[in-house]
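Here is the structure we will look at, set down as structure tokens.
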């Protein structure tokens, strides 16, 4: 949902350490609501911890967790069609499945920084993966609104050993609630976190090319999306290892 306008090279500021948490989920999956709750707690800056029973599990200090709720479409023929689902997210999960050498993909699945996959409802495993990912070196990534419909972004200093990387821009929407009238969650009201409304590739980076890469992209936000609940997420992903090398987010 974006159009690339300009490419250039310029200096950028150093962002905070970030960890990207992707949840592959579906409204048709009865095991998924607990994982959606984990993502909700990670998403909210006013709740800097995940609750597991009565135990509080704090997030790493000084680390920003960026959440992506990606609704797959392979549940849609089993009694309830998830209106947020997309074959794009099913294909992305299958790509991870091959990278992790899984016999089959499943929901709810959380992937942390493209490097560790865990059961999405297992908050302890999710946090363990976040703590580990927060210690890894990362690229410098920035994103900022330049107008109501344009964003500028920059990427520099890919970690040593990186391969060709892809720059991706996601648009997420929070505060979404669905009343389900079919399938495994029939009769339930489901709250979702950081639902990915669009995910677009903005180009690729050669780690052997020195310098700092920047560009401006034009947004195409749909009217039915609540702009007050939107977030723009820019992240850079190694095309060989699937590791997310750096990320940044901004409110439109």
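Bear in mind these aren't lab numbers, they're just calculated from the coordinates by the rules spelled out. Predicted, not measured: the structure shown is a model, and the values here were computed from it. Counting neighbours? That spans all protein chains shown, and the Cβs are built from the backbone with ideal geometry, glycine included.
Miscellaneous remarks
- Degrees between helix 123-134 axis and first principal axis of the chain (Cα, 0 to 90, nearest 10): 0
- Across 37, 140, 149, mean-square fluctuation computed from a Gaussian network of the chain (C-alpha pairs under 10 Å connected) peaks at 149.
- For the chain: relative contact order, % (alpha-carbon pairs under 8 angstrom, 6 or more apart): 28
- In degrees, nearest ten, helix 33-43 long axis to first principal axis of the chain (Cα): 30
- Sorted by Cβ density within 10 Å, fewest first, the residues 43, 184, 173: 184, 43, 173
- Estimated [θ] at 222 nm from DSSP helical runs (n ≥ 4, -39500 (n - 2.57)) normalised by residues in the chain, nearest 500: -4500 deg cm²/dmol
- Bins of 5 Å, starting at 0 and running to the largest distance - Cα pair percent for the chain: 1, 6, 14, 18, 20, 17, 13, 7, 3, 1, 0, 0
- Pair residue 124, residue 163: separation of 7 Å Cα→Cβ label points (nm): 3.4
- Taking the longest Cα principal axis of the chain as reference, the axis of helix 87-99 is set at about 80 degrees.
- Whole-number percent relative contact order across region 61-188, with pairs defined as alpha carbons under 8 Å at least 6 apart: 17
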